[in-house]
Amino acid sequence: MPLSIDSALGPMPDALILRGRRSEVIASNLANADTPNFKARDFDFQSMMNKARSEQVALNTTHASHIAMNGAGGIGGAPLQYRVPNQPSLDGNSVDLQVEQAAFAENAVNYEATLTFLTSRIKGLMTAIRGD
Amino acid sequence: MSLFNIFEIAGSAMSAQSVRLNTTASNLANAETVGTTEETTYRARQPVFAAMLKAMHGESEATGAGVRVLGITEDQATLQQRYAPDNPLANAEGYVFMPNVNPVDEMVNMISASRSYQNNVEVLNTSKQMLLATLRLGQ
C-alpha cells in the first residue's frame with residue numbers, strides 16, 4: 001500500500017488550518033470589543049472538523065495526464081455563527097470580553113497541542129525514512 | 001494564512017484605541033478652557049468606531065474584521081455659563097462659556113481604552129508565538 005504523506009499526517013493539517021481561522025475570528029471579536037452594533041461571531045470547531053474530514057474535494061480528471069487530487073478537505077469558507085450574548089448592551093455590541101479571552105486562550109493552547117502532535121508524526125516519519 | 005491577518009486586525013484595533021486615548025487626553029487637557037461664545041468654546045470629542053469587514057482571498061464571506069475610526073463627533077450638550085467678569089475672555093455681560101467635558105466620563109474612557117489596547121497587544125503576542133511555533137514545525 002503506497003503511503004501518502006497526507007494520510008500519514010492524519011487530521012492534523014486540517015485541524016491546524018481550522019484553529020488558525022478560529023483564532024482570526026476571535027481576534028476580530030476582541031478587536032471590536034468597543035465597536036457599536038458589532039456582533040461577536042464564532043464557529044463550531046467540532047462540526048467544521050467533521051465536515052472537513054468527510055467532504056473530500058474531488059477534481060474531475062478529464063485527461064490521462066490529470067492528477068487526481070485527494071486530501072484537501074472542504075475547509076474554505078467556515079460558516080460563522082453569531083454568539084448569544086449573556087446580557088444585552090445598550091450600543092448593540094454583543095462581545096463579552098471575558099468569554100472571548102477564554103475562547104482565544106483555549107484555541108491557542110489547542111493550536112500548540114496540534115503542532116506538538118504534528119511534530120511527533122513528522123518525527124515518526126523521519127525515523128521510518130532513516131531507519132535507525 | 002489566517003494567522004497573519006490577526007496582525008492587521010489587532011493592529012487596526014490598537015490604532016483605533018490610541019485615537020480614543022488621544023481624544024480623551026485632549027478633552028481632559030481642555031476641561032477648563034473657557035470661551036467667549038458658544039461656538040468658539042471647546043466641546044468634548046469622541047471617536048466613532050466601525051467594524052472593517054474584509055473577505056480574505058478565495059473566500060466569499062468575510063471572517064476577519066478590523067476596526068476603523070469613522071470620524072470624531074463633538075458633544076452637542078449645552079455649555080454652562082460662568083460669571084467671571086475679571087476673565088479677559090468674558091463677553092459683554094461678564095460671562096464665559098465652560099466646555100462640556102465631564103472629567104469622570106473621560107477617566108472611565110481612558111481606563112477602557114487602555115485595557116482594550118492591552119488586550120489587543122496580548123492577542124498579537126499570542127498569535128506571534130503561534131506563528132513562531134509553526135515555523136519550528138518538525139524540528
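Here are a few things to note about the model shown:
- Here r is the Cβ-Cβ distance between B:Ala77 and B:Gln118 and R0 is 25 Å; the resulting FRET efficiency, rounded to 0.05, is 0.25.
- Descending by average beta-carbon neighbour count within 10 Å, the peptides B:108-121, A:19-32 line up as A:19-32, B:108-121, the highest first.
- With Cα atoms defining each centre, the stretch B:1-27 and the stretch A:13-45 are spaced 17 Å apart in the structure.
- Relative to the longest principal axis of the Cα atoms of chain B, the long axis of helix B:103-135 makes an angle of roughly 10 degrees.
- Applying 1/(1 + (r/R0)^6) with r as the Cβ-Cβ distance of B:Asn102 and A:Lys39 and R0 = 25 angstrom yields a FRET efficiency of 0.30.
- GNM top mover of B:Ala84, B:Ala25, B:Ala92 - chain B, alpha-carbon springs below 10 Å: B:Ala92
- Cut-off 11 Å between beta-carbons: net charge of the residues surrounding B:Thr78, Lys and Arg +1, Asp and Glu -1: -1
- Unit charges at the beta carbon, dipole of the protein assembly as shown: most positive-side option, A:Ser47, B:Gln46, B:Asn5: A:Ser47
- Peptide B:126-132 is shielded by partner chain Cβ atoms: per residue, an average of 4 of them sit within 10 Å of its Cβ.
- Farthest towards the positive end of the charge dipole of the stretch A:78-132, among the residues A:Ser89, A:Thr127, A:Val109, is the Cα of A:Thr127, using unit charges on the Cβ of Lys, Arg, Asp and Glu.
- C-alpha long axis of helix B:2-29 to longest principal axis of chain B, angle in °: 10 degrees
- Neighbourhood net charge (10 Å Cβ-Cβ; Lys/Arg +1, Asp/Glu -1) for A:Ala40: 0
- Dipole size of the protein assembly as shown about its Cα centre, with +1 on Lys/Arg Cβ and -1 on Asp/Glu Cβ: approximately 1160 debye, rounded to the nearest 20.
- Distant-in-sequence amide H partners of A:Ala40 (H built 1.01 Å from N, under 5 Å): A:Arg83, A:Ser94, A:Val95
Read-outs: derived from the displayed coordinates by stated rules, not from any lab. All values derive from a computational prediction rather than experimental measurement. Please note: Cβ atoms are built from the backbone with ideal geometry, for glycine as well, and neighbour counts cover all protein chains shown.
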